[in-house]
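Worksheet: one structure, shown below.
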Amino acid sequence: MSEKKFINLEKDPEYVDDYVVFKSTKFGKTYYLDSPVKEYTEYELEEYIMKLEAYKKKRRKKAWMYVGIFVLFCLVLSVIEGYQNDELVKNGKVKEVMVLGKHIEEEYIILKHPTLELFDNNKMKKIWVKQELYDKVYPTDKVRIIEYKGEVKLDPRYEDKDLVIQKYKFGR
């Protein structure tokens, strides 16, 4: 195995077995280049290094652009969700409905959704909830919901602990 040697631009680049060791004063880095550049002169090597650095800079810029687009996407998504919640509260019908039962629905073997069965206007409705709310609610309790365009959703103005109006508080 051969040794790696460092050189300056004033000297010719050293050729060690299958690669070239080249120290650039412009970028202050040492480069270990493949064998296709063995026939390059010092000037050509410096030009090759400049192209290499430009390529790396372009890739870094592209990566930061993707990160920025992702952050922007997340911000836009949260603004849209906030707007939808405002629209739901403004135009929806606020109700307190009784919980008849609860169960866990399974989809595709993997997905499990805690579900509450609600009784409203002589109709039975199902709504998916978080596990914490599912554990807290018992049958005969009331839950705050908003009905909008035929859909039932939990009231976004309340936290999980405030969504439930417990009928009987003893023994819990």
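The values are calculated or read from the model by the stated rules, or taken from the named source; none is laboratory data. Worth saying up front: this structure is predicted, and the values here are computed from it rather than measured. A quick note on method: Cβ atoms are made from the backbone with ideal geometry, for glycine too, and the neighbour counts reach across all protein chains shown.
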Next item on the list: Restrict the check to the range 110-126 and report whether at least one residue is exposed (fewer than 14 other Cβ atoms within 10 Å of the Cβ), in contact (Cβ under 8 Å) with a residue 24 or more places away in the chain and part of a strand (DSSP E or B).
Entry: yes
Checked the range 75-99 for anything assigned to a helix (DSSP H, G or I) and aliphatic (A, V, I, L, M); matches are 75, 76, 77, 79, 80, 88, 89
Checked pairs for the range 49-66, first at positive phi, second among the small types (Gly, Ala, Ser) and assigned to a helix (DSSP H, G or I), C-beta under 8 Å and 6 or more apart or across chains, list as none
query: Do we find that residue 102 is closer than 30 Å to residue 136 by Cα, of a type in the set (Lys, Arg) and in a strand (DSSP E or B) in this structure?
result: yes
Of the listed residues (97, 76, 67, 89), the one being of a type in the set (A, V, I, L, M, F, W, C) and in contact with a Leu (Cβ under 7 Å, 6 or more places away or on another chain) is 97
Review point. Is it true that residue 77 is closer than 29 Å to residue 135 by Cβ, free of Cβ contacts under 8 Å to residues at least 40 places away in the same chain and surrounded by 11 or more Cβ atoms within 10 Å (Cβ to Cβ)?
Key: no
Restricting attention to the range 82-105, the residues that are loosely packed, with under 14 Cβ neighbours inside 10 Å and under 25 Å from the mean Cα position of the chain (by Cα) number exactly 4
Among residues of the range 27-71 being at pLDDT 80 or above and among the basic types (Lys, Arg), the residue nearest to the chain's Cα centre (by Cα) is 62
By residue number, the members of the range 107-154 that are under 27 Å from the mean Cα position of the chain (by Cα), over 23 Å from residue 84 (Cβ atoms) and of a type in the set (Lys, Arg) are 112
